[in-house]
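First comes the structure, then the notes that go with it.
The values are calculated or read from the model by the stated rules, or taken from the named source; none is laboratory data. For clarity, every value in this text was computed on a predicted model and none was experimentally measured. Please note: Cβ atoms are built from the backbone with ideal geometry, for glycine as well, and neighbour counts cover all protein chains shown.
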Amino acid sequence: MSYRVEIREEKARMVLPDGRAVERTVQVRIHPLTGDTVRVLTPPHRPLRIPDLVAEYGHTRDHCPFCPDALEARTPSFAPEDLDEPRIRVGEVRVFPNLLAYSGVCAVSVLTREHFVGIEELSAEVLTDAFAAARIFFDRARCNRPDLPVRLLHWNYMPPAGSSILHPHHQLMATSLPPTRLRRLAEGAGSLLVLPGESPWEAIVRAEREAGERWLGEHGPWSFFLDPAPQGRYFEWVGVHRSKSDLAELGQEDYGSLIDPLCSLFRHLASQGLWSFNLALMGLPEGDRRFRCQVRLVPRAVFPPAACSDIHFDVIEHEPMVLRAPEEVAEELRAAFRGSEQNLEIPGPKTDDR
């Protein structure tokens, strides 16, 4: 097995104004799959504060195209050659084309009628209907657009994650080529030395489980751990499916098994004053043994006193600076996943698809 995290340490020395000598340790980690480097810093950890969203962003409701009184009039419908119906409807969820299209079939999935939904209000009911609508979208895209075999779900939740519209929504897409990180994760996994007949992702999950430092647990067909060289400033939460590689293969139970771990994670984020995140549910065309369906989430934040972005060095250097070691965060998160190996009853979606 060749899945190994290389860590190099650098020491930074300084003298404080009061004369005390201080030494800081910086870890430079090399990702075991992509070869990318990240820098893990060691500042004292201080939870942030969740702002009053209504007070700070209340004005965004006035011109929101996703609120019920505006959605039908201000959003487009699917072309019949792409999807069979103009819109997908499941409970409160509405799926329609993204005006800012960045793939051949690119959709917005509005999750609720409510404009403001805080991170602790992202409930199992909201996620159940959202994932049911995504299943319909991916199934129809597979049937109608076989030329676009890569299917993805993205969630940029709240302004720190780059969302210009606060109303909670997913982005769903079918495209011809995988994004760069997905491709590099698959290529890196495909180059690992594994046991005969073993999938590289089976080997990766086994290695993380046996090491234990970043391991969180299992729930249904998903295995959860923290990425050893994360893209996010705080951590990168990863769930890997046991056997399926294409999002169009995922059924109700596959999606349902993600709901309880996600809700537990949302509660943990709120306890740390983190109220925004980027999430990706990624897959490659059916049968690609280099990959297994994955969900990846990184918290996003703005830092006081100037409410500055948490992304800076990353843009030019393509090298994240991480504020907490993944092993430290995993110690906290394991408590949230205690008992996650039990299979819970999966609620059914409130289907209103017509």
Checklist entry - Can you name every residue in region 143-166 that is outside any loop (DSSP other than H, G, I, E, B) and of a type outside the set (Phe, Trp, Tyr)? => result 143, 144, 150, 151, 152, 153, 154, 156, 159, 160, 161
Item to check | Breaking point among (1) touching a strand residue (DSSP E or B) at 6+ places or on another chain (Cβ under 6 Å); (2) more than 25 Å from residue 312 (Cβ to Cβ); (3) not in a loop (DSSP other than H, G, I, E, B), for residue 188 | outcome: (1)
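Residues to consider are 338, 290, 296; find the one that is within 27 Å of residue 151 (Cα to Cα) and either at pLDDT below 95 or in contact with a Ser or Thr (Cβ under 6 Å, 6 or more places away or on another chain) (or both). Full working, then the answer.
Details: 338 fails: within 27 Å of residue 151 (Cα to Cα); 296 fails: either at pLDDT below 95 or in contact with a Ser or Thr (Cβ under 6 Å, 6 or more places away or on another chain) (or both).
The conditions single out 290.
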Checklist entry - In region 279-332, which residues are outside any loop (DSSP other than H, G, I, E, B), more than 16 Å from the chain's Cα centre (by Cα) and among the hydrophobic types (A, V, I, L, M, F, W, C)? => result 302, 303, 308, 313, 315, 316, 321, 322, 329, 330
Checklist entry - Does any residue of region 117-132 turn out to be more than 30 Å from residue 273 (Cβ to Cβ) and touching a strand residue (DSSP E or B) at 6+ places or on another chain (Cβ under 9 Å)? => result yes
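Would a scan of region 132-141 turn up a residue that is within 23 Å of residue 242 (Cα to Cα) and either in contact with a Pro (Cβ under 6 Å, 6 or more places away or on another chain) or assigned to a loop (DSSP other than H, G, I, E, B) (or both)?
Of the residues in region 132-141, the ones within 23 Å of residue 242 (Cα to Cα) are 132-139.
So of that shortlist, the ones also either in contact with a Pro (Cβ under 6 Å, 6 or more places away or on another chain) or assigned to a loop (DSSP other than H, G, I, E, B) (or both) come out as 132.
Within region 132-141, one or more residues are within 23 Å of residue 242 (Cα to Cα) and either in contact with a Pro (Cβ under 6 Å, 6 or more places away or on another chain) or assigned to a loop (DSSP other than H, G, I, E, B) (or both).
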Item to check | Pairs with Cβ under 6 Å, 6+ apart, first in region 245-265 and closer than 24 Å to residue 200 by Cβ, second small (Gly, Ala, Ser) | outcome: 245/283; 246/283; 247/283; 257/220
Item to check | Residue satisfying all of: in region 83-119; among the hydrophobic types (A, V, I, L, M, F, W, C) and assigned to a loop (DSSP other than H, G, I, E, B); farthest from residue 167 (Cα to Cα) among these | outcome: 83
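From 105, 28, which residue is of a type outside the set (Asp, Glu) and farther than 30 Å from residue 319 by Cβ?
Working: 28 fails: farther than 30 Å from residue 319 by Cβ.
Answer to the check: 105.
Might you let me know whether region 193-213 holds any residue that is in the same structural domain as residue 174 (by TED's automatic domain parsing), in contact with a Pro (Cβ under 6 Å, 6 or more places away or on another chain) and among the β-branched types (Val, Ile, Thr)?
Here is the first cut: in region 193-213, the residues in the same structural domain as residue 174 (by TED's automatic domain parsing) are 193-213.
Adding the requirement that they be in contact with a Pro (Cβ under 6 Å, 6 or more places away or on another chain) leaves 194.
The next check asks that each one be among the β-branched types (Val, Ile, Thr); those that pass are 194.
Yes: region 193-213 contains one or more residues that are in the same structural domain as residue 174 (by TED's automatic domain parsing), in contact with a Pro (Cβ under 6 Å, 6 or more places away or on another chain) and among the β-branched types (Val, Ile, Thr).
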Checklist outcome for this item: Per the filter on region 206-251, residues within 25 Å of residue 149 (Cβ to Cβ) and over 17 Å from the mean Cα position of the chain (by Cα) are 221, 242, 243, 244, 248, 249, 251
Next on the checklist: Given the condition of a type in the set (Asp, Glu), outside any helix (DSSP H, G or I) and surrounded by fewer than 20 Cβ atoms within 10 Å (Cβ to Cβ), answer yes or no: does some residue in region 223-231 qualify?
Outcome noted: no
Next on the checklist: If the requirement is being under 18 Å from residue 293 (Cβ atoms) and surrounded by fewer than 22 Cβ atoms within 10 Å (Cβ to Cβ), which of these qualifies: 261, 179, 200, 160?
Outcome noted: 179
Checklist entry - Can you tell me which residues in region 129-151 are farther than 18 Å from residue 292 by Cβ and touching an Asp or Glu at 6+ places or on another chain (Cβ under 7 Å)? => result 129, 136, 140, 144, 145
Next on the checklist: Among the residues that make up region 40-49, is at least one of them buried (at least 18 other Cβ atoms within 10 Å of the Cβ), out of contact with any Lys or Arg (no Cβ under 7 Å at 6 or more places or on another chain) and not acidic (Asp, Glu)?
Outcome noted: no
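If you take the residues of region 1-39 that are charged (D, E, K, R) and surrounded by 15 or more Cβ atoms within 10 Å (Cβ to Cβ), which of them is nearest to residue 197 (Cα to Cα)?
Restricting attention to region 1-39, the residues satisfying the condition of being charged (D, E, K, R) are 4, 6, 8-11, 13, 18, 20, 23-24, 29, 36, 39.
Pick out the ones that are also surrounded by 15 or more Cβ atoms within 10 Å (Cβ to Cβ) and you get 29, 36, 39.
On the way: 29: 30, 36: 28, 39: 35 Å.
By that ranking, first place goes to 36.
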Next on the checklist: Given the options 65, 80, 76, name the one that is in contact (Cβ under 8 Å) with a residue 24 or more places away in the chain and either in a loop (DSSP other than H, G, I, E, B) or outside the structural domain of residue 193 (by TED's automatic domain parsing) (or both).
Outcome noted: 65
Next on the checklist: Can you pull out every residue in region 1-40 that is hydrophobic (A, V, I, L, M, F, W, C), modelled with pLDDT under 95 and under 23 Å from the mean Cα position of the chain (by Cα)?
Outcome noted: 5
